[in-house]
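Everything below concerns the one structure shown next.
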Amino acid sequence: MASALAWELVARPVGVPDEGIFALRSHDLTALSEGEVLVENTWLSVDPYMRGRMGADKGAQPFELHRPLEGHALGRVLDSRAAGVEPGDVVVHFSGWRDKAVVAAAGLLKVRPGLPEQAYLGVLGGPGMTAYFGLLDVAAMREGDVVFVSGAAGAVGSTVLQLAKHKGAGRIIGSAGGADKAAWL
């Protein structure tokens, strides 16, 4: 039976997480069933929401201890038992934090050739979609509006700033958590 290396959370963090709360362990991979693919990951995403899931007392469902961590990942299909997904396809999925994963094809997003693959975990992934729909659908920004962005140096905030500028905001104000971040902005 094939195996994969996966990162596990082995202890809940107190304060800033450090390497001692993680362990890299081997896990057996299941045989592919109909509708599943085997993916070898090339990029893993570490997103801010994950910190909340590391604690047991947060609003989000906490990660299970001693189980492979979930998260967005991008990789190449090695084997497929799913129609429309072929070996060699590059896909995004939510079984990250491991080198290989057996994934249901229904939960995959195929990467469009010609664009940087890792962009599908950033500006073309969750952070980018949050910024786009948050600014244009939820906030309903219109040309000439004043836009204030809290956390403007983060993945979502910095994308909101760029979108607001592109869409003709009259004035854009961003806040950041320190002098280095403000200088970067």
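The values are calculated or read from the model by the stated rules, or taken from the named source; none is laboratory data. These numbers were taken from a predicted model, which means no experiment stands behind them. Glycine gets a Cβ as well: all are built from the backbone with ideal geometry, and neighbour counts include every protein chain shown.
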Of the residues in the stretch 116-141, how many are touching a Gly at 6+ places or on another chain (Cβ under 8 Å) and assigned to a loop (DSSP other than H, G, I, E, B)? 1
Selection from the stretch 37-56 of residues loosely packed, with under 14 Cβ neighbours inside 10 Å and in contact with a strand residue (DSSP E or B) (Cβ under 6 Å, 6 or more places away or on another chain) yields Thr42
Only one of these is outside any helix (DSSP H, G or I), in contact with a helix residue (DSSP H, G or I) (Cβ under 9 Å, 6 or more places away or on another chain) and not assigned by TED's automatic domain parsing to the domain that holds His93: Gly177, Gly151. Name it. Gly151
Of the residues in the stretch 55-71, those that are at pLDDT 90 or above and among the aliphatic types (A, V, I, L, M) come to Leu65, Leu69
State which residue is surrounded by the most Cβ atoms within 10 Å (Cβ to Cβ) when the search covers only the stretch 15-36 and only residues that are under 17 Å from Glu70 (Cβ atoms) and among the β-branched types (Val, Ile, Thr). Ile21
Out of the residues in the stretch 60-101 that are outside any loop (DSSP other than H, G, I, E, B) and basic (Lys, Arg), which is surrounded by the fewest Cβ atoms within 10 Å (Cβ to Cβ)? Arg76
Can Ala140 be described as surrounded by 12 or more Cβ atoms within 10 Å (Cβ to Cβ), out of contact with any His (no Cβ under 7 Å at 6 or more places or on another chain) and among the hydrophobic types (A, V, I, L, M, F, W, C)? no
Report whether or not Ser80 is under 20 Å from Ile172 (Cβ atoms) and among the polar types (S, T, N, Q). no
Picked from the stretch 102-115 (must be part of a strand (DSSP E or B) and modelled with pLDDT of 95 or more), the residue nearest to the chain's Cα centre (by Cα) is Val103
Collect the residues in the stretch 144-185 that are farther than 17 Å from Pro127 by Cβ and among the polar types (S, T, N, Q), keeping them in residue-number order. Ser175
Where a residue in the stretch 37-61 is closer than 15 Å to Ala6 by Cβ and in the same structural domain as Leu74 (by TED's automatic domain parsing) and its partner, wherever it lies, is hydrophobic (A, V, I, L, M, F, W, C) and assigned to a strand (DSSP E or B), with Cβ under 6 Å and at least six apart: Leu38/Leu78; Leu38/Val102; Val39/Val77; Val39/Ala101; Val39/Val103; Glu40/Leu78; Asn41/Ala73; Leu44/Ala73
